[in-house]
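Have a look at the structure below, then the notes.
The values are calculated or read from the model by the stated rules, or taken from the named source; none is laboratory data. Note that the coordinates shown come from a computational prediction; the quantities given were computed from them, not determined experimentally. FYI the Cβ positions are ideal-geometry reconstructions off the backbone, even for glycines, and counts take in every protein chain you see. With ligands, DNA and RNA removed, areas are computed over all heavy atoms of the protein, side chains included. Shrake-Rupley method; radii C 1.70, N 1.55, O 1.52, S 1.80 Å.
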Amino acid sequence: MVDRSGAKGKAASQDAAVQVTRGQVEDFLYHEAALLDAWRLDDWLALLTGDACYRVPSNDRPAADPAKTLFTIADDIHRIRARITRLKDKDAHAESPRSRTRRIVSNVRIVDRDGDQLKVEANFVVYRFRRDESVREYVGHYRYVLRIENGALKIAHREAVLDAMELGALGLVSFIL
């Protein structure tokens with residue numbers, strides 16, 4: 001006997017990714033940017049899947065494997081949670097007082113759909129403001145894997161690829177790009 005409800009549920013999940021529009025993805029990414037700019041880090045964390053990863057590859061090898069190449073950031077969900085805890089700590093010297101940021105996300109594209117997942121790319125500019133420092137600009141593109149869980153988009157993989165040829169002038173990347 002075939003469990004039709006399970007098969008139907010799986011098919012509905014797979015169909016859900018096909019039905020997601022670019023506009024819905026844009027709204028999701030704009031919401032994510034607003035949460036990060038407002039320093040609502042716990043709300044941002046709620047956008048992630050339980051197996052999420054967050055990466056910032058080195059700018060000389062942006063397509064490399066983090067297991068074999070040095071990455072600026074290569075965090076699994078446990079390290080992401082720890083990073084959030086550190087960033088929110090009032091004694092976190094790298095972000096005390098916290099940076100003010102303004103994110104601009106553009107050129108959002110769905111580049112692939114596979115089952116309940118979407119591969120998405122977008123361009124970004126993050127302006128970072130810190131006391132007694134000049135404005136820092138981080139320019140690059142995002143590579144996401146978004147997954148539909150319980151009818152909602154979630155971030156399973158987030159990668160911020162910086163266009164800068166060297167990071168020295170950009171300072172610490174302690175916050176979330």
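Students sometimes get this wrong: rank 89, 116, 27 by accessible area, probe 1.4 Å, all chains present, largest first.
27, 89, 116
Using amide H atoms built in the peptide plane, which far-off residues or other-chain residues are under 5 Å from residue 164 H to H?
HN-HN under 5 Å from residue 164: 139.
If Lys and Arg each add +1 and Asp and Glu each add -1, what is the summed charge of the other residues whose beta carbon sits under 15 Å from the beta carbon of residue 27?
Residues near residue 27 contribute +2 overall.
So what are the ³J(HN,Hα) numbers for region 36-47, from phi and the Karplus equation (6.51, -1.76, 1.60; θ = phi - 60°), rounded to whole Hz, Gly and Pro as x?
Each residue's phi maps through the Karplus curve to give 5, 5, 7, 6, 8, 5, 5, 5, 5, 4, 5, 7 Hz.
Starting from the residue with the highest accessible area, list 83, 143 in decreasing order, probe 1.4 Å.
Ranking 83, 143 by accessible area, largest first, yields 143, 83.
Would you kindly derive the ³J(HN,Hα) couplings of region 145-155 from the backbone phi angles with the Karplus curve 6.51 cos²θ - 1.76 cosθ + 1.60 (θ = phi - 60°), listing them in order in whole Hz, with x for Gly and Pro?
Ordered by residue, 3J(HN,Hα) equals 10, 9, 10, 8, 10, 6, x, 10, 6, 9, 8 Hz.
At a probe size of 1.4 Å, how large is the accessible area of residue 149, to the nearest 10 Å²?
Taking all protein chains as shown, residue 149 has close to 60 Å².
Quick one: order 90, 119 from most to least accessible surface, probe 1.4 Å.
Descending order: 90, 119.
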